[in-house]
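Note sheet for the following structure.
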Amino acid sequence: MAGAVVKGHVMSVRWGILALLTEGPMYGARIRSEFEQRTGGTWPLNVGQVYTTLARLERDGLVEGQEADDEGRIGYRITREGRRQVELWWTSPVPREDSPRSELVIKLALAVTVPGVDVQQIVQNQRSASLSHLQDLTRLKRGTQASPAGNDSGSDLAWSLVLDHLIFTAEAELRWLDHVEGRLQREAARSGRRPQHDHQAHDHQARDHETETVVR
Amino acid sequence: MARHAEADIPVLILEKLSRIHGSGELTVHALRRINLAVRAGELIAVMGPSGSGKSTLLNLAGALDKPTSGRVLIEGEDVTSMRPAALAAVRRRKVGFVFQDFNLVPSLTAAENVSLPLELDGWSPRRTRQPVAEALDAVGLSGQVGDRYPSELSGGQQQRIAIARSLVGPRRLVLADEPTGALDTETGDQIMAVLRERCDAGAAGLLVTHEPRHAGWADRVIFLRDGAVIDSAESAAVDERLMRSIG
Amino acid sequence: MTAQIVAAGARRADRTADPAVAWLNSWRLAFRIGWREIRRARGRSALIMIMVGAPVLLIIAAVTGSNSGSNSTMVPEMFGNAQATVQASKDGDHWNTDRVGALISGRVVQVTGGEIGVSLGDRLRIAAVGMPIGEMSGSGLFRLRSGHWPTADDQIMITRDFAHRHNLRLGATVPGFSWQQPGPTTDLRVVGIVALPQDVSVGPGGGAEVVTGRSRMITTDDPSQVSYLVFRTAPVSYREIQRLDSHGLDATSRYLVEHPELVPGQDAGDQQESSAPVAFYVLVGGGLLFEAMLLAGPAFAIAAARQRHTMGLIASNGAVHKQLRRQLLGQALLLGVLAGAIGAGLGLVSGRYVSVVSAWLTGSWAPPNALAWAPAVVAFLGAAVAAVVAALLPARGVGELDLVAVLRRRPTATRSRTFGPLIGSVVLAGGLAVTLGLGFRAAPEMTPRYIMGGCTAAAFIGAMLMLPWLITALGRGSRLPLSIRLAGRDIARQAARSVPAMSAVLVASGMFAVMGIAIATDDHAEAETYTPFTAMGQGTIQGSVDDMQAAANIIRGRHPDWKLTPHSSLGDPDYGGDLPSSTVALVPKGCTPQQAVTAETQADRDPDADSRCANGRSDYSEPVTVVPDGQLGTIGLPAAAAGVLSEGGVVLVDPPLGLQCSPGPCTQSVRRTYLTDNTVTLVGGTRKGDAYVPGKPARLAAAVIGPDDLTGTRPGWTGYTSGWISADAASKAGLPSTVVLWTVDAPRPITEAQEKTIDEVLPANAQLSVERGFHGQLATAGRVLLGIAGALVIIAALISTALSQVEARPDLATLTAVGAQPGLRRRFAAAQAGILVLVGVVVGQLVGILAGIGFAASNSRGDSGGGVGHLVVTVPWQLSGLLLVGAVLIAAVLAVLGAWSSPGLTRRLG
């Protein structure tokens, strides 16, 4: 749930800062701007977050704080142990216990077992919304491709990678929803219950008459 | 990206369209009183499980099949009651098909495939050269590709040629039946981009697909089940909101 | 780059202005796609081209090859390089080279034909031709094969056959002499092997085996064997011909033979080929093209099926049915035109040179045949038409595509019509009924025959219409082994392919049956009326007296244990030359012996003279046979007549055996004309100049019998006689007689090889022929028929099977994947071919036999051909059975061999 998401975020920031420090010592503000830039601007950090993380890293012996320079900025340097950990991090796969949108799974799991709930409708609603989302993402992506690469091709690449990830994730969810719908239909056929979608279809047809009028 | 708002009449209108197969015990309602309009500049996607009637919808829209009741109007003309010769003329001049694969006549070059509907209409090969060149250009293919045979082209190139042919000359309506089904991810995306681009330039497109990612290229997505429309999805507008929702 | 798609309002007006141009463009598109499709399916296209082009090739080759008799072809053989040939029409001895040369400009060369004597073991008479040695190479009549042209008088050239027969080689020495004029033997040296014109009847020198410069050594009775060749550059005109004619010389101009229209008064109709061969070629050619159509039909059906998806694509792009049909028809037209052109071209070339090649192989030479352009053009057009017609039905199917199914690549079902078989059965039954009815009842003239022919054709078509129903019924059999069941169902499912192939088999075996019955019945009828020429196994020699004597001597020399018997008749019945050397006359009542011998010749000079008295002369009627002593009992005379004969009398038969009195039976009564008090008077006459000198008349006892009084069977050669007299009595009465035939009896039957060997050394005009009984045509003609019909049937079956094997590959791959044994595919192929042939041959032969019986019945009741007056119908069951069994087995085996390679698990896509 929310805690898992937060934890994931926290870990990502920690490793990200360590990875940046392998390039050389940096002071806090610089770390923050580098991080934001390289993640395509999709992940703004606040300074407090940065310094908290640096403190924890120092506590764990992965970074070393240095003397303040003339302007009073404290630089940080990665330790040998820190480098080793970063190497490990590069080469190990990201653990998969986190699952965003698990709220949807809970919702559907409960809907199927709680009587009187129109599961097909839930599925359809979610599907329409996800598809709209997907359309939006696709439009965004077209916008990226259309406009010429401006300042930093590196950050544009990062941005489109992130975008693609979102698109594929949305698609994965939609596929799963299709699958759920199919399962529900087969279950209904097997137990002889009438599928509940009939009057939904009629409702939609009625709506179609209003929204998709034939000739203007 | 703004649509080109073209003429008021939608390019394709399906009006209370029904299609019933068989009779008696074997009756199948492939489509039930479908209403749909596709305007110039629009790309509409149709999704649904197998047996939902997607392919039937496309066949009826392209006058490959006759409906049991209802009308199909292409550029304002009712094709439902047309005789075979007139229907063939509609296919030559107004509607183009893109199938999943085997779109091209193997014994014609790419350029000849694109010019096929024009030549069937009686155009001389010389006269077709310019529209063909424009069509190939519009789908991002250079002139040399035109002289190759389909067997010498990649899947993506073949589908581009098919799209070019579907919109060559005066044709404005493209009906695509899972055009990316036989292509890998990257090429499939490219083809969708081409389709989208053509629609932005003024074509009207009706696309049957089961890939949500490709349906994402459409302006509107229609969901079919058991021959009826159960829902539709349209994209929301704004970008800024998106940025925030991710973080 | 974004190209704007034009808005609705500003749409270009794209209506093509000119419908004719649109039509033309549509065909151009069809041809373009069609040509590409042809190149894509090379195998199938080549197959169609072979099937359509082969009949064209065969027919044109046959037509061109048979042109060897046309004038323009024969000219090189008639003239060599000369411009004219000149012969003496009479007074041959009077002319020589100088005299002829005085009458016509140019170089005149004498060519002498005749016989020369050579000593090769026996003294042989060999046909030879003589020409001055300097002229030989330039004459154009001879082709040197090996060695060199003679440079001296005692050098000769011989033909390859002659050298082979007598084991002679270059450099060998052959003693030669003049056969008619006695003279010394000269040693002739063989310096070259020569080839002479193949057509022996046409020009000077044809048929000779030796070419020599010693024309003196060549002798002949026939003055026309001496001719003069005129060599010059300018053609010989008609006026020159006329001039020569006025001097008694018969001249032929090369130029006028080549351009007969320049001869005034010549009937141009003589130059035309008669219409009968034309009708024959049209019939055979049409039949072959029809078969080709039936065979090409399945191939086009496959093409249509293979191109179904392409057709669907084109249709979805807006082609109308007509345009789709044009695709297939365009391909058919292209293939037909190509096949027709190649077939006609090859046929012309091969027909032109076939006689050149065959002559070269047999040691002679022949000029190339004249080209027959008109038939070639007709055949070419026929091929194009046949190809298009073959594609009509598949093209119609293409036009009725189920677009949706085709584009989704779903298998489409084939519809079967129901009314076809019904009509077919009616037509079949009706056609056969009419044919049989007319055959058994109607008069055997041409009109009923044409009707019968038409009804037979209709019956075949009716049977063909019933085939779809038949094979569908085939497909339902459920108790048969798996491979047979699969094959039957597959044949039924692919009706478009299997019905034409089966029809081809049907027609071929049906025609085979009809013709087989015709030949067998003919043979049977002829066998019934056949009279052997002589006793079985006995040989006979006929010819001039000297030739026969020489032949007898040669045979006696080689086979001393063979018995050679000369048989004579009174007078000189088989005379050569103008007049018989002697004659014997029966003196009619009221005539003197003088008159009996001389009356006719008097009538030549005096038309009013009475020639009745000469009716009994041996050269004006059938002669009296001289019976050797000891054979008097073999004739089969009744006892009384035999007694008269043995006592030195004459037995006459009334009317004479073999005498042709026309019209109507012979009216003259031998008894009344010649018999006086049971005696007749015979008188011989020897020739002096143009007249005959009567000898001493002999009055002999006589008996007259009728032909039916003779008992026993007699050899055929004895069937021409007025009566018999014993040799003893004839010599006692001083009546001249001449040998007319020798019989040859060997202790063991004379084999054909022996006969052939002896004939090679016998004079050409006195050959030995051995009676071996009736040899019908069925043996040879039947084999030819069997071969042709069998080939057609097997080809049809294999084509259909090959095409279906390719079609069935996905299904077979599935079967293999499911675990069917590897032999299943082969058995499947064998079953397909076998079923196709079996059903086709059985149905075809049934129809053909019934129709053939009708024709045979009609033939046998008529006077034409072998009309015997009563009903004769013979069905060659052995031959029919052989076709059935043989074709089924061979087709099945070949199909298995063709299906030997494993298909692998190919993709199950089209």
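The values are calculated or read from the model by the stated rules, or taken from the named source; none is laboratory data. It should be emphasised that the depicted structure is a prediction, and the values quoted were computed from it without experimental measurement. For neighbour counting, all protein chains shown are included, and Cβ atoms are generated from backbone atoms with ideal geometry for every residue, glycine included. Just the protein is used for accessible areas: all its heavy atoms, side chains included, with ligands, DNA and RNA removed. Shrake-Rupley method; radii C 1.70, N 1.55, O 1.52, S 1.80 Å.
Data overview
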{"read-out": "Hits in the range C:219-239 (condition: open to solvent by less than 10 Å² (accessible area, probe 1.4 Å) and of a type in the set (A, V, I, L, M, F, W, C))", "value": "C:Leu229, C:Val230, C:Val236"}
{"read-out": "Selection from the range C:703-745 of residues that are under 24 Å from C:Asp546 (Cα atoms) and without any contact (Cβ under 8 Å) to a residue 24 or more places away in the chain", "value": "C:Ser731"}
{"read-out": "Index of the failed condition, C:Ile750 passing every other in (1) β-branched (Val, Ile, Thr); (2) open to solvent by less than 30 Å² (accessible area, probe 1.4 Å); (3) free of Cβ contacts under 8 Å to residues at least 12 places away in the same chain", "value": "(3)"}
{"read-out": "Some residue of the range C:372-382 being at pLDDT 85 or above and under 30 Å from C:Leu196 (Cα atoms)", "value": "yes"}
{"read-out": "In the range C:383-400, the residues that are surrounded by 19 or more Cβ atoms within 10 Å (Cβ to Cβ), at pLDDT below 85 and among the aliphatic types (A, V, I, L, M)", "value": "C:Ala395, C:Val398"}
{"read-out": "Index of the failed condition, B:Val208 passing every other in (1) among the β-branched types (Val, Ile, Thr); (2) open to solvent by less than 10 Å² (accessible area, probe 1.4 Å); (3) facing another protein chain (nearest Cβ under 10 Å)", "value": "(3)"}
{"read-out": "Per-region count, the range A:44-64, residues open to solvent by less than 80 Å² (accessible area, probe 1.4 Å) and closer than 20 Å to A:Leu161 by Cβ", "value": "1"}
{"read-out": "Strands (runs of 3 or more DSSP E) contained in the range C:571-685 and holding at least 2 residues farther than 15 Å from C:Ala730 by Cβ and at pLDDT 80 or above", "value": "C:650-657"}
{"read-out": "Residue match in the range B:88-104 (condition: more than 10 Å from chain C (Cβ to nearest Cβ), part of a strand (DSSP E or B) and within 21 Å of B:Gly202 (Cβ to Cβ))", "value": "yes"}
{"read-out": "Identity of the residue in the range C:55-69, open to solvent by 40 Å² or more (accessible area, probe 1.4 Å) and of a type in the set (Gly, Ala, Ser), that ends up nearest to the other protein chains (Cβ to nearest Cβ)", "value": "C:Ala62"}
{"read-out": "Total residues in the range B:16-48, condition farther than 20 Å from B:Gly205 by Cβ, in contact with a strand residue (DSSP E or B) (Cβ under 7 Å, 6 or more places away or on another chain) and of a type outside the set (Gly, Ala, Ser)", "value": "9"}
{"read-out": "Any hit, the range A:111-120, residues being at pLDDT 80 or above, assigned to a helix (DSSP H, G or I), within 13 Å of chain B (Cβ to nearest Cβ) and closer than 30 Å to B:Glu197 by Cβ", "value": "no"}
{"read-out": "Lone unmet requirement of (1) free of Cβ contacts under 8 Å to residues at least 24 places away in the same chain; (2) assigned to a loop (DSSP other than H, G, I, E, B); (3) open to solvent by 10 Å² or more (accessible area, probe 1.4 Å); (4) of a type outside the set (A, V, I, L, M) for B:Glu112", "value": "(2)"}
{"read-out": "Selection within the range B:53-84 - at the interface with chain C (Cβ under 10 Å from one of its Cβ atoms), open to solvent by less than 30 Å² (accessible area, probe 1.4 Å) and of a type in the set (Ser, Thr, Tyr)", "value": "B:Thr56"}
{"read-out": "Unmet requirement for B:Tyr149, which otherwise passes all of (1) open to solvent by 20 Å² or more (accessible area, probe 1.4 Å); (2) in contact with a Ser or Thr (Cβ under 7 Å, 6 or more places away or on another chain); (3) away from chain C (no Cβ under 14 Å); (4) without any contact (Cβ under 8 Å) to a residue 60 or more places away in the chain", "value": "(3)"}
{"read-out": "The one condition in (1) open to solvent by 10 Å² or more (accessible area, probe 1.4 Å); (2) touching a Pro at 6+ places or on another chain (Cβ under 9 Å); (3) more than 9 Å from every other protein chain (Cβ to nearest Cβ) that B:Asp184 fails to fulfil", "value": "(2)"}
{"read-out": "Residues (surrounded by fewer than 14 Cβ atoms within 10 Å (Cβ to Cβ) and of a type in the set (A, V, I, L, M, F, W, C)) located in the range C:70-115", "value": "C:Ala102"}
{"read-out": "Within the range C:59-105, tally of residues that are in a helix (DSSP H, G or I) and within 30 Å of C:Val354 (Cα to Cα)", "value": "20"}
{"read-out": "Tally, over the range C:488-498, of residues that are in contact with a Gly (Cβ under 9 Å, 6 or more places away or on another chain), crowded, with 24+ Cβ neighbours inside 10 Å and closer than 16 Å to C:Val842 by Cβ", "value": "1"}
{"read-out": "When residues of the range B:7-50 are limited to those that are in a loop (DSSP other than H, G, I, E, B) and more than 14 Å from chain C (Cβ to nearest Cβ), the one least open to solvent (accessible area, probe 1.4 Å)", "value": "B:Gly48"}
{"read-out": "Matching residues, the range B:169-186, being of a type outside the set (Gly, Ala, Ser) and either modelled with pLDDT under 85 or not in a strand (DSSP E or B) (or both)", "value": "B:Pro170, B:Arg171, B:Arg172, B:Glu178, B:Pro179, B:Thr180, B:Leu183, B:Asp184, B:Thr185, B:Glu186"}
{"read-out": "Filter result for the condition that a residue is assigned to a helix (DSSP H, G or I) and modelled with pLDDT under 75, over C:Ala279, C:Ala301", "value": "C:Ala279"}
{"read-out": "Considering residues of the range B:105-132 that are more than 8 Å from chain C (Cβ to nearest Cβ) and of a type in the set (D, E, K, R) only, the residue nearest to the chain's Cα centre (by Cα)", "value": "B:Arg129"}
{"read-out": "Hey, A:Asp203 more than 11 Å from chain B (Cβ to nearest Cβ) and either in contact with a Pro (Cβ under 6 Å, 6 or more places away or on another chain) or modelled with pLDDT under 80 (or both) or not", "value": "no"}
